[in-house]
Amino acid sequence: MNGKGRAFDNIMVERLWRTVKYEEVYPNEYSDYFDALTNIERYINFYNNESRHSSLDKQTPAERYHGYRRDQRESA
């Protein structure tokens, strides 16, 4: 990446991977690569679709990205 704003793009990615490491990778002991892959994929799915983020006004990243709230989706 190059150009204006590059450092701010890195901040978001670094924060995501710090969260994945501290909440999923470090507390768990994986038996092999496939076990790690399965559990990290499960965690990222949880992070994007179920975990509410205070910095996103209690929305999930998926809700913010796709522009809808969970309560709107459930009532439709």
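The values are calculated or read from the model by the stated rules, or taken from the named source; none is laboratory data. Note that this is a predicted model, so its numbers are computed, not measured. So basically every Cβ, Gly included, is an ideal-geometry build from the backbone, and we count neighbours across all protein chains shown.
Yes or no, residue by residue, for (1) small (Gly, Ala, Ser); (2) in contact with a His (Cβ under 7 Å, 6 or more places away or on another chain); (3) part of a helix (DSSP H, G or I); (4) modelled with pLDDT under 85:
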{"residue": "Met1", "(1), (2), (3), (4)": "no, no, no, yes"}
{"residue": "Tyr30", "(1), (2), (3), (4)": "no, no, no, no"}
{"residue": "Thr38", "(1), (2), (3), (4)": "no, no, yes, no"}
{"residue": "Glu41", "(1), (2), (3), (4)": "no, no, yes, no"}
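Restricting attention to the stretch 6-39 and to residues that are surrounded by fewer than 12 Cβ atoms within 10 Å (Cβ to Cβ) and among the charged types (D, E, K, R), the residue that is farthest from His53 (Cα to Cα) turns out to be Asp32. Across the stretch 57-76, the qualifying residues are those that are surrounded by fewer than 13 Cβ atoms within 10 Å (Cβ to Cβ) and either of a type in the set (Gly, Ala, Ser) or closer than 18 Å to Val20 by Cα (or both), and the one among them that is modelled with the highest pLDDT is Gly67. Screening the stretch 30-61 for residues that are polar (S, T, N, Q) and touching an Asp or Glu at 6+ places or on another chain (Cβ under 8 Å) and picking the one that is farthest from Val13 (Cα to Cα) gives Asn39.
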